[in-house]
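Dropping the structure in here first, questions after.
The values are calculated or read from the model by the stated rules, or taken from the named source; none is laboratory data. Remember, it's a predicted structure, so these values are computed and weren't measured experimentally. Glycine also receives a Cβ, built like all others from the backbone with ideal geometry; neighbour counts cover every protein chain displayed. To get the accessible areas, we keep the full protein, side chains included, count just its heavy atoms, and leave off ligands, DNA and RNA. Shrake-Rupley method; radii C 1.70, N 1.55, O 1.52, S 1.80 Å.
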Amino acid sequence: MNAPELPNPARARRGARRTVVAGIAALILLTGFTAGGIAMLAAGELPGLPFAVGGLAAQLAVLVLVVTVLRARSGDTNSRPQLESAGAAFNFLRRALLVVLVALVAYAVVRAVLGDYWTLITTAVIGVVLLLLHRGARRLQRGINR
């Protein structure tokens with residue numbers, strides 16, 4: 001059984017290239033969160049933990065998104081195994097991002113109970129980034145399922 005041809009293979013390859021450019025930009029921007037969080041932790045500031053962990057998780061999520069999109073759009077056709085593999089990767093990514101977000105929120109709540117409200121702020125900031133990545137992975141997965 002032959003794989004169905006893409007309606008416009010050149011457009012799919014351009015989309016994959018744009019994903020790489022956006023991914024590189026996102027990695028560069030997320031490095032500030034990760035490095036800042038690590039620097040805060042090195043200085044003994046525990047509110048930096050959400051930035052360090054969340055920034056690293058976000059950077060890994062961007063890498064997974066970019067690599068998966070490149071693998072799924074590499075040829076002139078989309079085969080069922082390619083799409084199923086990409087869908088599974090996006091599903092795993094969504095679950096992993098949700099676990100990281102829940103763990104960071106739990107940490108922030110514990111720190112808030114102990115009187116440290118700054119952790120709530122850092123968790124909220126990186127939480128927005130993680131939620132956006134979660135939403136993007138969900139949209140990609142739904143697009144593949146169509």
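Among Val64, Val53, Val113, whose Cα lies farthest out toward the positive end of the dipole of segment 28-119, if unit charges sit on the beta carbon of Lys, Arg (+1) and Asp, Glu (-1)?
Val64
Over the chain, with the other protein chains present, what is the accessible area per residue in square angstrom, probe 1.4 angstrom? Write down the numbers at each step before the final one.
Values: 8890 Å² over 146 residues.
Accessible area per residue, the chain: 61 Å².
Starting with the highest mean, order 110-119, 132-141 by the number of other Cβ atoms within 10 Å, averaged over the residues of each peptide.
Going from most to least packed, we get 132-141, 110-119.
Further question on the same structure: Carbon and sulfur: what percent of the chain's accessible surface (1.4 Å probe)? Walk me through the numbers on the way to the answer.
Working: 5960 of 8890 Å².
Taking all protein chains in place, the chain shows 67 percent carbon and sulfur surface.
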